[in-house]
1. Does the range 55-80 hold any residues that are within 11 Å of residue 24 (Cβ to Cβ) and surrounded by 15 or more Cβ atoms within 10 Å (Cβ to Cβ), and which are they?
2. Can you pull out every residue in the range 53-80 that is within 16 Å of residue 23 (Cβ to Cβ) and within 14 Å of the chain's Cα centre (by Cα)?
3. Which condition number in (1) surrounded by 10 or more Cβ atoms within 10 Å (Cβ to Cβ); (2) in a loop (DSSP other than H, G, I, E, B); (3) modelled with pLDDT under 85; (4) within 11 Å of the chain's Cα centre (by Cα) is the one that residue 13 fails?
4. Looking only at the range 21-51, which residues are exposed (fewer than 14 other Cβ atoms within 10 Å of the Cβ), free of Cβ contacts under 8 Å to residues at least 24 places away in the same chain and either under 21 Å from residue 67 (Cα atoms) or in contact with a strand residue (DSSP E or B) (Cβ under 8 Å, 6 or more places away or on another chain) (or both)?
């Protein structure tokens, strides 16, 4: 159930992706039992089937260079 909450929240965060200056940016967070958002530090963010990716910083933020074509962004995190 917690994994589903994380995935749903990640999808919601994608809505806030910024397409300025050829970059895609956003924030990856989790929701704790008090419904507070917590950053996921070190989460992997990358384009599916490419070598283009990054990890989130200490606040959960990431910046990806914009890739040509119709690419899917993948989020992965190992923890808890």
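1. 62, 64, 71, 73
2. 53, 54, 55, 56, 57, 61, 62, 63, 64, 65, 73
3. Evaluating residue 13 over (1) surrounded by 10 or more Cβ atoms within 10 Å (Cβ to Cβ); (2) in a loop (DSSP other than H, G, I, E, B); (3) modelled with pLDDT under 85; (4) within 11 Å of the chain's Cα centre (by Cα) leaves (2) as the failure.
4. 21, 32, 38, 49, 50, 51
The values are calculated or read from the model by the stated rules, or taken from the named source; none is laboratory data. What you are looking at is a predicted structure, and each value in this text was computed from that prediction instead of being measured. For neighbour counting, all protein chains shown are included, and Cβ atoms are generated from backbone atoms with ideal geometry for every residue, glycine included.
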